[in-house]
Amino acid sequence: MRVTHLSTYHLFGGAAVAANRLHRALQKQIWTKTAVESTMLVGTAKRLEPHRSAPGVTYLANNFLAEQTAFGRFVAERLYFLPHERDASVRFQFSPARFGANLDFHPAIQQADVLHLHWINFGFLSLNSLRSLFNLGKPVVWTLHDQWAFTGGCHYSRGCAHFLTHCNQCPYLKKPDAQDLSYRVFEQKKDVFRNAKIHFTPPSRWLANEAQRSALLRDFPFTVIPYAIDQTVFRAIERSEANACFELPNTDRPRILFGSANVTDTRKGFRYFAEALMLLSQQHPNLNPEILVFGKGRSYLFNELPYPIRHLGILTSTDDIVAAYNAADIMVVPSLEDNLPNTVIESMACGTPVVGFRTGGIPEMIDHEQNGYLADIHSAQQLADGLAFLLTHPNPNLLRQNARESAENRFSEDVIAKQHIELYNQLLND
């Protein structure tokens with residue numbers, strides 16, 4: 001059985017990382033009775049994401065001309081949206097999918113028995129590209145990494161419920177009205193999806209519920225399958241070894257970790273974390289943690305935190321990412337909207353408990369007061385309570401053990417790969 005995964009990026013962003021991890025997990029099943037020949041077709045030009053050769057990964061932009069063409073599609077997509085955007089803060093949070101590559105005759109598509117879509121925006125696939133792929137008649141699996149597939153263009157609706165009936169009056173747009181860009185994209189998606197045979201595999205029950213309530217996807221089949229992670233890579237290591245990676249002192253001082261692709265992304269909730277730290281310092285003056293942060297950007301709130309902060313920068317090496325989780329006692333994920341954050345999976349696989357908001361798929365990952373702590377969304381006070389609970393827990397090793405065990409039971413490569421293979425076989429036999 002040949003499966004081709006389609007992803008805009010290879011290793012840039014959480015969706016691409018998750019897609020690549022599934023691709024690798026499937027490759028590791030090669031010696032089982034349910035062997036899959038997995039290929040990952042990546043669309044991004046190298047200037048947006050440096051080429052990293054890996055088994056089974058093919059770049060659509062594989063020469064200079066193709067790189068320029070791919071970059072041109074990306075630019076055209078953003079320029080098309082520019083006159084419509086409300087302001088610069090939403091520039092990359094809405095995708096009209098106007099421009100994309102035609103992949104019908106690509107060898108990776110022609111040879112595939114099953115096409116598996118992941119995050120395909122930013123000029124990789126347009127809605128017309130999707131229509132052409134659906135018309136090939138091959139079984140299509142689509143892992144939803146956000147809400148885009150069932151909205152009029154936004155990746156996260158941020159409380160807007162128009163996708164339940166029909167998108168219009170979009171809050172992302174400069175001039176929202178009854179037949180604005182979101183309305184037109186929604187109409188085009190209705191047409192593209194009308195006769196398509198797609199099986200959606202959202203990683204969280206939350207995203208599945210949102211999609212199944214939507215006007216666009218409510219009649220399609222769904223199977224919830226979480227993300228996979230290599231737990232021989234993401235694992236507990238000696239604290240001294242982790243500290244050495246960042247030249248951290250070997251002290252008993254507790255550490256709290258915050259990580260994001262972009263620290264300044266408001267959706268990731270850093271300001272609630274900063275407020276929680278202020279409350280923690282006032283209500284628990286005996287606690288004196290150090291704060292570790294990794295990711296792009298520096299928040300203006302860094303200088304206002306009541307505790308010392310170390311910005312670890314952008315971590316591209318897996319060894320460094322593993323070290324960051326192991327150097328910390330707690331991971332905090334105060335996302336306001338999120339599907340199934342890789343940071344939670346990675347942290348737990350490393351045995352580091354997590355504090356997060358009850359939103360999106362996060363409550364499906366954290367067992368309250370067992371392997372972490374769940375706070376009501378937007379409550380900095382409950383976030384502070386969670387930090388205090390974990391920092392003062394009488395048996396921190398039990399928390400770490402619970403975190404690791406939950407990752408092993410829910411996100412192991414074998415478990416997730418086998419669920420996908422069963423689905424592929426089912427679709428091919430229908």
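Quick note: the coordinates plus some simple rules give every number you see, no bench work behind them. As the structure is a prediction and not an experimental result, all values here were calculated from the model. Cβ atoms come from the backbone with ideal geometry, glycine included; neighbour counts cover every protein chain shown.
Tell me, in nm to one decimal, what length is gained between residue 128 and residue 184 on full extension, where the rule is 0.36 nm per residue of separation less the Cα-Cα distance?
Separation in residues times 0.36 nm, less the Cα-Cα distance, equals 18.8 nm.
Check residue 5: other-chain or 5+ apart residues with amide H under 5 Å from its amide H, H built from backbone geometry?
39, 40, 41, 116
To the nearest 10 degrees, how steep is helix 270-283 against the longest Cα principal axis of the chain, on a 0 to 90 scale?
20
Over the range 239-411, calculate the relative contact order: mean separation of alpha carbon pairs under 8 Å at least 6 apart, over the residue count, as a percent.
Relative contact order comes out at 23 percent.
Taking neighbour counts of Cβ atoms within 10 Å as a proxy for exposure, in what order, fewest first, do 229, 416 appear?
Listing 229, 416 from fewest to most nearby Cβ atoms yields 416, 229.
Answer with one residue from 328, 249, 108: the one whose Cα lies farthest towards the positive end of the charge dipole of the chain, charges on Cβ with Lys, Arg +1 and Asp, Glu -1.
Highest projection toward the positive end goes to 108.
Kirkwood hydrodynamic radius for the chain: how many Å is it when counted over pairs of different Cα atoms?
22.4
How large is the dipole of the chain about the Cα centre if only Lys and Arg carry +1 and Asp and Glu carry -1, each at its Cβ, rounded to the nearest 20 debye?
Dipole about the Cα centre, nearest 20: 1080 debye.
Would you tally the net charge around residue 208, using a Cβ to Cβ cut-off of less than 15 Å, leaving residue 208 out, and scoring K and R as +1, D and E as -1?
Net charge in that neighbourhood comes out at -2.
Tell me, what ³J(HN,Hα) does each residue in the range 417-429 have, in order and in whole Hz, if you take phi through Karplus 6.51 cos²θ - 1.76 cosθ + 1.60 with θ = phi - 60° and put x for Gly and Pro?
Each residue's phi maps through the Karplus curve to give 4, 5, 5, 5, 5, 4, 5, 4, 4, 4, 5, 6, 8 Hz.
Check which residues have an amide H placed less than 5 Å from residue 292's amide H, if you skip close sequence neighbours.
Hits under the 5 Å cutoff: 256, 257, 258, 310.
Quick one: 3J(HN,Hα) in Hz for the range 316-333, Karplus 6.51/-1.76/1.60 with θ = phi - 60°, rounded, Gly and Pro as x.
Each residue's phi maps through the Karplus curve to give 9, 8, 4, 4, 5, 5, 4, 4, 4, 5, 6, 7, 9, 8, 9, 10, 10, 10 Hz.
Select from 202, 240, 216 the residue farthest towards the positive end of the dipole of the range 194-277; place +1 on Cβ of Lys and Arg, -1 on Cβ of Asp and Glu, and compute about the Cα centre.
216
Determine the relative contact order of the chain: mean sequence separation of Cα pairs under 8 Å and six or more apart, normalised by residue count, in whole percent.
Reported as a whole number, the value is 13 percent.
Identify, among 372, 306, 359, the residue whose Cα sits farthest towards the positive end of the charge dipole of the range 239-411, taking +1 on the Cβ of Lys and Arg and -1 on the Cβ of Asp and Glu, with the dipole about the Cα centre.
The residue sitting most towards the positive pole is 306.
Taking the simple approach of a point 7 Å from Cα along Cα-to-Cβ for both residue 282 and residue 318, what is their distance in nm?
Using points 7 Å along Cα→Cβ, the separation is 4.4 nm.
Once you charge only the Cβ atoms, +1 for Lys and Arg and -1 for Asp and Glu, what is the size of the charge dipole of the range 221-333 about its Cα centre, to the nearest 20 debye?
My answer is approximately 340 debye.
Taking the Cα atoms of the range 28-168, what is the range of coordinates along each of the three principal axes, in descending order and whole Å?
Rounded to whole Å, the extents work out to 50, 37, 27 Å.
Once you keep just the Cα pairs under 8 angstrom separated by 6 or more residues, what percentage relative contact order results for the range 132-223?
In percent, rounded to a whole number, it is 35.
Pop out the Kirkwood hydrodynamic radius of the range 297-430 from its pairwise C-alpha distances, inverse of mean 1/r, in Å to one decimal.
16.3
Could you give the alpha-carbon Rg of the range 377-430 over 2.2 N^0.38 Å, rounded to two decimals?
1.88
How large is the charge dipole for the range 64-142, taken about the Cα centre, if only the Cβ atoms of Lys, Arg (+1) and Asp, Glu (-1) carry charge, to the nearest 20 debye?
160
For residue 306, what is the net charge nearby, where nearby means another residue's Cβ is under 12 Å from its Cβ and Lys, Arg count +1, Asp, Glu -1?
Computed value for this residue: -3.
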